[in-house]
Amino acid sequence: MAEAAAELVDVVDVHDRVIGRATRAEVRATRLRHRATYLLVFNRRGELFVHQRTATKDVYPSYWDVAVGGVVAAGESYDAGARRELAEEVGITAVLAEPLFDFVYADAANQVNGRAYRVTWDGPLTLQADEIVRGVWLTPDAVEARIARAPFCPDGVEVWRRHRAAVRRSTG
């Protein structure tokens, strides 16, 4: 994890303009706004891959998360960051992620400009041990039930709820 702390990250404003660069450790320590990707990984049955983060994560340690993804590296595009994170965290390289929406998020631990994606995958997952403790496929209703009773990354929950609202509008 020390290697990750030294990674350079673009610092951005609320309009997503790059205003500087800092190490990931500096971004976390001083709560600088940065870019991140959020990939909702579904199987063809409509179940979402939900996973528990490791206790060594620099933000929301041991929390559950609805999204694979992470910090976009300095000079990296959202799409390139999404492809990298999907491969690193769960071993998916054979599909393209569908961009869903951009959003701005902030809480006491994190300030981020994010891009959400959707991926459909029925193959095996290779979980990155440094980042993911375990994972499970859940129906949308089961995801909501788990969110109600377990600690979840709040930025991921926002992505999940926005996605669900958009799906309801399009089918409703």
Potential lengthening between Ser62 and Trp137 on full extension [0.36 nm per residue; Cα-Cα distance subtracted]:
25.2 nm
Footprinting proxy, Tyr60, Tyr78, Tyr38, Tyr117: sorted fewest to most Cβ within 10 Å, the residues are Tyr60, Tyr78, Tyr117, Tyr38
Rounded to the nearest 500 deg cm²/dmol, what is the calculated helix-only ellipticity per residue at 222 nm for the chain, with -39500 (n - 2.57) per DSSP H run of length n ≥ 4?
-9000 deg cm²/dmol
Quick one: dipole size for the stretch 43-172, taken about the Cα centre, charges +1 on Lys/Arg Cβ and -1 on Asp/Glu Cβ, in debye to the nearest 20.
520 debye
Would you mind ranking Phe42, Phe152 by Cβ crowding within 10 Å, fewest neighbours first?
Phe42, Phe152
Between Phe103 and Ala5, what length in nm is gained on full extension when 0.36 nm per residue of separation is reduced by their alpha carbon distance?
32.8 nm
How large are Rg and Dmax for the chain when calculated on the C-alpha trace, in angstrom?
15.2, 47
Projecting the Cα atoms of Ala148, Tyr105, Trp137 onto the charge dipole of the stretch 2-171, where Lys and Arg contribute +1 and Asp and Glu -1 at Cβ, the residue farthest towards the positive end is Ala148
Separation of the Ile19 and Ala148 label points, Cα + 7 Å toward Cβ, nm:
4.0 nm
FRET efficiency, 1/(1 + (r/R0)^6) with R0 22 Å, evaluated for Ala165 and Arg31 via beta carbons
0.20
For Arg53, what residues show an amide H to amide H distance below 5 Å, using hydrogens built from the backbone and excluding near sequence neighbours?
Ser62, Tyr63, Trp64, Asp65, Val133
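Values quoted throughout were computed directly from the atomic coordinates according to the rules given, and no laboratory measurement underlies them. What you see is a predicted model, and the numbers here were worked out from it, not measured in a lab. Note that each Cβ is placed from the backbone with ideal geometry, even for glycine, and that neighbours are counted across all protein chains shown.
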